[in-house]
1. Once the Cβ-Cβ distance between residue 137 and residue 289 is put in as r, and R0 is 41 Å, what FRET efficiency do you end up with, to the nearest 0.05?
2. In Å, the Kirkwood hydrodynamic radius of region 417-469 over pairs of distinct alpha carbons?
3. Find out how many positive minus negative residues lie around residue 353, taking Lys and Arg as positive, Asp and Glu as negative, among other residues whose Cβ is under 12 Å from that of residue 353.
4. Restricting the calculation to Cα positions, tell me the Rg (one decimal) and the Dmax (whole number) of region 361-503 in Å.
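What follows is calculated from the coordinates using simple rules that are stated; it is not laboratory data. In this text the structure is predicted, and so the values were computed from the model without any measurement. Neighbour counts run over all protein chains shown; Cβ positions are idealised from the backbone, glycine included.
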Amino acid sequence: MATEIKVPVLPESVADASVATWHVKVGDSVSRDQNLVDIETDKVVLEVVAPEDGVITSISSPEGETVLAEQVIALLGEAGEAAAPAAAAPAQAQAAQQEQTQQVEGEKVEIKVPVLPESVADATVATWHVQAGEAVSRDQNLVDIETDKVVLEVVAPEDGVLEEILHDEGATVTAEQVIGSLKAGAAPSAPAAKAEEAPAASDESSDALSPSVRRALAENGISAEEASKIKGTGEKGRITKEDVDAYVKSKASAPAKAQSASAPAAVPAGDRSQKRVPMTRLRKTIANRLLDAKNSTAMLTTFNEVNMKPIMDIRKKYKDIFEEKHGVRLGFMSFFTKAVTEALKRYPAINASIDGDDIVYHNFFDVSMAVSTPRGLVTPVLRDADQLGLGEIEKGIRELALKGRDGKLTMDDMTGGNFTITNGGVFGSLISTPIINLPQSAILGMHKIQDRPMAVNGKVEILPMMYLALSYDHRLVDGKESVGFLVTVKELLEDPTRLLLDL
């Protein structure tokens, strides 16, 4: 009896996946726990292993195909079983699928908002990728639903025609709310000539693309028509996320003269045009939280400066050895994180928060890292930073930054945090007053390193200096504590040996 090979249960908020790589072919003998195929989502790559020894008798989902959770993608027969009869299995599965399609052909199928992540009350219709009357295929992405944390894709449950859109872009919706309807198996209402052209483009620009590629196209505003111009470097010429990134970079670096040549025709001289776009949910959430922080806290900022030469000397001396051992480059953030956690131990009020009329003191050290992403500023959390070495901190920060850049941060990554570090220096900021990340009581702002003349032992020296800014809630943190905290961070950074010796 054949054993079904299925797509694993997908992570929360992931609607579909793509068959990335088959490591076996029909007729191959496999052993228990052998990796058969890689399934790619926009968040992770999942391995599907053989549940027992046997022979691959059929593969019903080739590489590049979009699949759903627990969908059967292959059959595993007993050892010695011939692969030829297995041809009947895909045919049987196909017949069953056709029968199922015929049962619902012409019926109205509701398009619903997915189940939203925990603690998310509602969402926004971000982008409809199809219009009413257009033909769609099963598993084609119809619409993106945006929450203040993640973007969810809603795919077509059947082949058919999108009959109506009940909620346009920008509308606020709730979990499992009906936002449109699909007429299953129906022919499109568009002219026949247009209908004949559409399937070929759809196959290349939507269905054959992995979820991560589709997300990259959407984030960069690349239409299906434009996507067909991207040269794929993946297997069988499929477009990869790297291909999309390269295409976007090539557009940005196109000769300015080409743009100026077309500008007179597109934009008349002296044109004073405006563009109005609605705020994304993430941007609205950021705006509301920043306004709440300003209005609901007694926020003050204290400043100091730190000589970065000792840390820069250590990096220069040990950077190659560090990278060879830990597999990650030695940056400034690990030193700052270490210094902050040590200072938090000495000033527990800064590691606390206000809850109503109570003060909650935290005896753990979860540090939020402000990360700039294409969708806005987010603050993922590095857990138990006091228990990590410099190498582990650098790896953790790098992982959070990459997940933020690729839109793969999870709810768990974003939840909690007792203190925040933000680095405006990477953008050239010399000094600023960062805003507290509620319900935390303080935030440390790093800035640009700049050579300045400093008086050292009665002599003037040129040193690489950085201004530090600590914004704090004066309701909980007194001026003496805030200054003491910042001085402690400064002293630990200017004498990094103390960080290693816990002094």
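1. 0.55
2. That comes to 12.5 Å for region 417-469.
3. -3
4. Over region 361-503's Cα set, Rg and Dmax evaluate to 16.4, 53 Å.
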